[in-house]
Amino acid sequence: MSELAYQTDRQTASVVASLSRVGKRYGENTVLDQVDFTVQKGEVVALVGPSGTGKTTLLRLLAGLESATSGRAEVSANTSVVFQEPRLIGALRVWANVLLDDARKPDAKERARAALQDVGLEDKLSSWPVSLSGGQAQRVAVARALYRRPDLMLLDEPFSALDAFTRRSIQSLVLKLWDHYRFGLVIVTHDLDEALILADRIVILSKGRICHETRVDLPRERDVTSPEFNALKRDLLRQFSLSVS
Ligand SMILES: Nc1ncnc2c1ncn2[C@@H]1O[C@H](COP(=O)(O)OP(=O)(O)OP(=O)(O)O)[C@@H](O)[C@H]1O
Ligand SMILES: [Mg+2]
């Protein structure tokens with residue numbers, strides 16, 4: 001019998017998400033199978049794996065956007081998500097996109113200004129989303145997520161549509177914000193470099209199961225040219241190939 005408990009405060013103080021033997025089926029299709037997954041506050045976890053293997057489903061489960069078919073899920077009520085595309089509302093200016101329901105509060109613009117300062121976009125406070133570059137729009141999405149001071153931040157391939165230079169600069173920004181606010185962070189990515197630059201722990205999901213975990217005990221900021229970085233990358237690539245075979 002499944003026992004589901006979303007968005008409770010029952011977890012211990014430092015655990016912000018805990019999935020225990022979680023399964024998810026769509027009809028006859030088993031997408032997640034017996035997944036055990038825990039995230040501590042202040043921990044960065046990268047979730048990698050082949051396409052169609054259940055990464056987005058797992059993230060949507062953590063976000064409370066999907067419910068599990070079996071198992072137990074406990075996730076902090078204070079969780080924010082950033083998707084692959086920024087999902088800004090075209091009819092609202094940038095500041096209102098950051099605040100959403102809080103946009104009617106008297107000091108709304110000042111609150112939004114502080115959040116936009118965090119991502120270096122204070123000057124775009126009154127801009128329309130259509131006037132932003134892809135990287136700027138994604139930074140607004142990050143500001144919107146951060147505004148809620150989440151215990152857990154979920155990012156689903158948030159930078160994959162950006163060029164390599166912009167991606168690297170947003171990765172640094174996310175690390176800076178994480179260092180300041182110390183939320184738990186789960187990032188889905190296809191980019192092993194990105195996983196190794198950001199994460200304390202890398203989890204490989206294959207066919208709906210967690211098949212491998214690696215700790216990344218390298219000091220930040222990480223040097224992508226170092227032998228240690230590349231040794232971890234080689235090992236990860238080997239595990240990744242095993243997971244698809
Ligand atoms: N709402 C849904 N209804 C039915 N099947 C779904 C639904 N959402 C996802 N699936 C199926 O679940 C499986 C996993 O999908 P998911 O989006 O989680 O994969 P993913 O690992 O994020 O893939 P990608 O790397 O391509 O983004 C796929 O077979 C997909 O077709
Ligand atoms: Mg996906």
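What are the residues in segment 151-172 that are assigned to a loop (DSSP other than H, G, I, E, B) and at pLDDT below 95, if any?
Correct list: E157, P158, F159, S160, A161, L162, D163.
Could you tell me how many of the residues in segment 179-190 are in contact with a helix residue (DSSP H, G or I) (Cβ under 8 Å, 6 or more places away or on another chain) and within 15 Å of ligand 2 (Cβ to nearest atom)?
So the answer is 4.
Looking at (1) surrounded by 21 or more Cβ atoms within 10 Å (Cβ to Cβ); (2) under 28 Å from A161 (Cα atoms); (3) at pLDDT 95 or above, can you tell me which one G49 breaks?
Single failed check for G49: (3).
Would you list the strands (runs of 3 or more DSSP E) that sit entirely within segment 11-82 and hold 1 or more residues that are over 19 Å from P158 (Cβ atoms) and in contact (Cβ under 8 Å) with a residue 12 or more places away in the chain?
15-26, 29-40, 70-75
What's the number of the condition L242 fails, among (1) touching a Cys at 6+ places or on another chain (Cβ under 9 Å); (2) buried (at least 17 other Cβ atoms within 10 Å of the Cβ)?
L242 satisfies every listed condition except (2).
With the requirement that a residue be more than 13 Å from ligand 1 (Cβ to nearest atom) and either buried (at least 24 other Cβ atoms within 10 Å of the Cβ) or free of Cβ contacts under 8 Å to residues at least 12 places away in the same chain (or both), what does segment 153-162 give you?
M153, F159
From the list L185, L173, exactly one residue is touching a residue at least 12 places away in the same chain (Cβ under 8 Å) and buried (at least 19 other Cβ atoms within 10 Å of the Cβ). Which is it? Even if it seems obvious, please write down each step before you answer.
Values: L173 fails: buried (at least 19 other Cβ atoms within 10 Å of the Cβ).
Answer to the selection: L185.
The values are calculated or read from the model by the stated rules, or taken from the named source; none is laboratory data. All figures in this text were calculated on a predicted structure; none of them were measured in a lab. Neighbour counts are summed over all protein chains in view; Cβ atoms, including those assigned to glycine, are modelled from backbone coordinates with ideal geometry.
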